[in-house]
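Q: Dropping a structure here in structure tokens format, bear with me for questions.
The values are calculated or read from the model by the stated rules, or taken from the named source; none is laboratory data. Keep in mind that what you see is a predicted model, and the values were worked out from it rather than measured. Note: ideal-geometry Cβ built from the backbone for every residue, glycine included; neighbour counts use all protein chains shown.
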Amino acid sequence: MKVLTARHAAGVLAVLALAVAASVIVGLAAGPSSLSVREVVSALLAPETQGAAADIVLRVRLPRVVLSLLVGASLAVAGVLFQALLRNPLADPFVLGVSGGAALGGIAVLSLGPAVGLSHAAVAPAAFAGALATTLLLGLVSGSRASPTSLLLTGVVFNAFASAGIVFLASFAGLNEGAGVFLWLIGSLSNVRADVTGWVALFLFAGLACALPLARNLNLMTLGEETAQQLGVDVVRVQRVLLVAASLMVGAAVSVAGLVGFVGLIIPHLLRLLIGPDHRLLVPSAALAGGAFLLLCDTAARSLLGGRELPVGALTSLAGGPVFLWLLRRHQQRIFAP
Amino acid sequence: MSGGPVVLAFQSVSAAAGSREILRGVTLSLHAGEVLTLAGPNGAGKTTLFRVASRVLRPSAGSVSLLGRPLDAFSRRELARVLAVVPQDASIAFPFRVGEVVLMGRSPHLGPLGFETPADLVRAREAMARVGIEALADRSVLELSGGERQLVLLARALAQDPRVLLLDEPTAHLDLRHRVSVAALVRELVRDGRSALVVSHDLGLAARSGDRIALLRRGELHAVGTPREVLTPAHLRATFEVETEILTAADGALHVVPKLPSGC
């Protein structure tokens, strides 16, 4: 009988950590001015060294690499949590409209905040509030026994509403003169700010700290709420804690990167195929793999067009759209059957 | 037999789903070492009684006690160590392996963190062996037939190692051979002091394998007693609104033979 052991879990996580390290090197080396691995490693090992290469690695690229790891991890773990809580392999913060709600919260602070004395630092908490409000609304509108169809349709409507709200608020405050609103809607990591990175890290680690101890309960909850209760899980408490955790992570990611789509769908699904559905391993693995995935996507977004930059959200959505359709087809019979 | 101490007692229990009252003043006791079959028409409240007993649904009136303590005095985990439910069916959204699902039955016995111990694995393997599904251990539950899935849910409940088993139509999807072996397994389980409350539409099997039968009708307890006391044409007419003939097999067990309405 094959079961998950602590040793096996540690092995998988070690491999994924190596993958993260490798993608960090790639992310630091690649870009408009391409650096060798040796230059990257020596800049990392001796941060006090002066020189153009060290400058690019440590001051230009490293903050963005760190940010993309954090955002990717947040989105992937949030995806795992939503999928388990809603027992729906198609749930994803972007598809459900939770990211849209977070973006609406963030843009509200950006556009209306200055008038009431809110600084940029309030964007992340506002995005968290937006994500949490959307999650609660999602529960309210479609109920705890929502069919997958109604959940996804609710998500479609939320997304349309959020996009409209974002454009409305931005126009109202005259924010749409630059490319700012466009980047919020499509998702980009070009706007690196140290204060915001701190928030993202805080929200991600707080979310993980909530989710990891409850991972085994999540396994039981995928069997259904009543079954989980009958196996000793305090379902309501677990749901509350994890919905807050997922909202924290989505809020953090969106507040800094806008609507980066489908990371929470692609990564959990890929991992389930590779390592199985056990959440004790899936949750930390999603953090590592999601970070590496978004970092590589962002590196491609920075490098593909030479000096010009693609928004990373365009890449993840280009990859994620087909994956979503494939999943939909694969799961259709099972989850859409009466 | 029903002479053992009471392990699970419903005292004038009423329960509602939304505004609809489903159970009305049900008083019923399950004794140690007893198989009590719960029968009745669809919608009579059998599954609701299970939901009340496992505290998934709170009664609107009345009380439930388990091993002499009020149900509310148990923590969720404590309750899951004493009482296990085998649901009618489970839709499982993710590709867990059979062994993993059975092992989930150990979770009320584990600490809040961490992994199962070798002793838990032994328990899970034993449970699978008793139900006869060892060969399925590494298969994904998504690939199983309805009957196989039902056996997995039964094995999971056994892995839980409970004093009281609530089985909701455990043989509904099973072929004749598996029906008989599940009925035999339930008998075997109660022999060492456990108790089982079994919802079943198979009155013949209930008569043979159950110590007592309770008939539920429109949320009320219509009759409870030994098969011979309960399986009478009058009781069955009142409960199911069908005419029946009760035959006695060579070994003394009762058979319920329904009659078609005249003119058919």
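Q: Would you confirm, using the coordinates I've provided, whether B:Arg106 is among the basic types (Lys, Arg), on the phi < 0 side of the Ramachandran plot and within 11 Å of another protein chain (Cβ to nearest Cβ)?
A: Answer is yes for this residue.
Q: Now, a different point. If a residue counts only when it is over 30 Å from A:Ala127 (Cβ atoms), which helices (runs of 4 or more DSSP H) contained entirely in the range A:1-117 have at least 1 such residues?
A: By residue number, A:6-29, A:37-45, A:52-55.
Q: Those residues that are in a loop (DSSP other than H, G, I, E, B) and surrounded by 19 or more Cβ atoms within 10 Å (Cβ to Cβ), I need them from the range B:34-52; list them, please.
A: Within the range B:34-52, B:Glu34, B:Gly40, B:Ala44, B:Gly45 meet the criteria.
Q: Out of all the residues in the range B:51-65, is one or more away from chain A (no Cβ under 14 Å), out of contact with any strand residue (DSSP E or B) (no Cβ under 6 Å at 6 or more places or on another chain), on the phi < 0 side of the Ramachandran plot and not hydroxyl-bearing (Ser, Thr, Tyr)?
A: No, the range B:51-65 contains no residue that is away from chain A (no Cβ under 14 Å), out of contact with any strand residue (DSSP E or B) (no Cβ under 6 Å at 6 or more places or on another chain), on the phi < 0 side of the Ramachandran plot and not hydroxyl-bearing (Ser, Thr, Tyr).
Q: Would you mind finding the one in B:Thr47, B:Thr117 that is free of Cβ contacts under 8 Å to residues at least 24 places away in the same chain, within 11 Å of chain A (Cβ to nearest Cβ) and out of contact with any helix residue (DSSP H, G or I) (no Cβ under 7 Å at 6 or more places or on another chain)?
A: That would be B:Thr117, the only listed residue that is free of Cβ contacts under 8 Å to residues at least 24 places away in the same chain, within 11 Å of chain A (Cβ to nearest Cβ) and out of contact with any helix residue (DSSP H, G or I) (no Cβ under 7 Å at 6 or more places or on another chain).
Q: Taking A:Gly72 and the conditions (1) closer than 18 Å to A:Ala211 by Cβ; (2) small (Gly, Ala, Ser); (3) at pLDDT below 90, which numbered condition does it fall short on, given that it satisfies the others?
A: With (1) closer than 18 Å to A:Ala211 by Cβ; (2) small (Gly, Ala, Ser); (3) at pLDDT below 90 applied to A:Gly72, the lone miss is (3).
Q: Just one of A:Gly51, A:Gly72 is under 18 Å from A:Val250 (Cα atoms) and small (Gly, Ala, Ser); which is it?
A: Testing whether each residue is under 18 Å from A:Val250 (Cα atoms) and small (Gly, Ala, Ser) leaves just A:Gly72.
Q: Is there a residue in the range B:206-228 that is among the small types (Gly, Ala, Ser), without any contact (Cβ under 8 Å) to a residue 40 or more places away in the chain and more than 27 Å from B:Ser14 (Cβ to Cβ)?
A: For the range B:206-228, residues among the small types (Gly, Ala, Ser), without any contact (Cβ under 8 Å) to a residue 40 or more places away in the chain and more than 27 Å from B:Ser14 (Cβ to Cβ): absent.
Q: Still on this structure, please answer the following. Mind checking which helices (runs of 4 or more DSSP H) fall wholly inside the range B:90-203 and carry at least 2 residues that are of a type in the set (Val, Ile, Thr) and within 26 Å of A:Val235 (Cα to Cα)?
A: Here the list reads B:98-103.
Q: Let me ask something else. When you go through (1) under 18 Å from B:Leu165 (Cα atoms); (2) within 8 Å of chain A (Cβ to nearest Cβ); (3) touching a helix residue (DSSP H, G or I) at 6+ places or on another chain (Cβ under 7 Å) one by one for B:Arg130, which number turns out not to apply?
A: (2)
Q: For the range A:215-258, name all the residues that are buried (at least 20 other Cβ atoms within 10 Å of the Cβ), more than 10 Å from chain B (Cβ to nearest Cβ), farther than 12 Å from A:Leu81 by Cα and of a type in the set (Val, Ile, Thr).
A: A:Val254, A:Val256
Q: Take the residues of the range B:75-88 that are of a type outside the set (A, V, I, L, M) and facing chain A (nearest Cβ under 10 Å): which is farthest from the chain's Cα centre (by Cα)?
A: Within the range B:75-88, the match that is farthest from the chain's Cα centre (by Cα) is B:Ser75.
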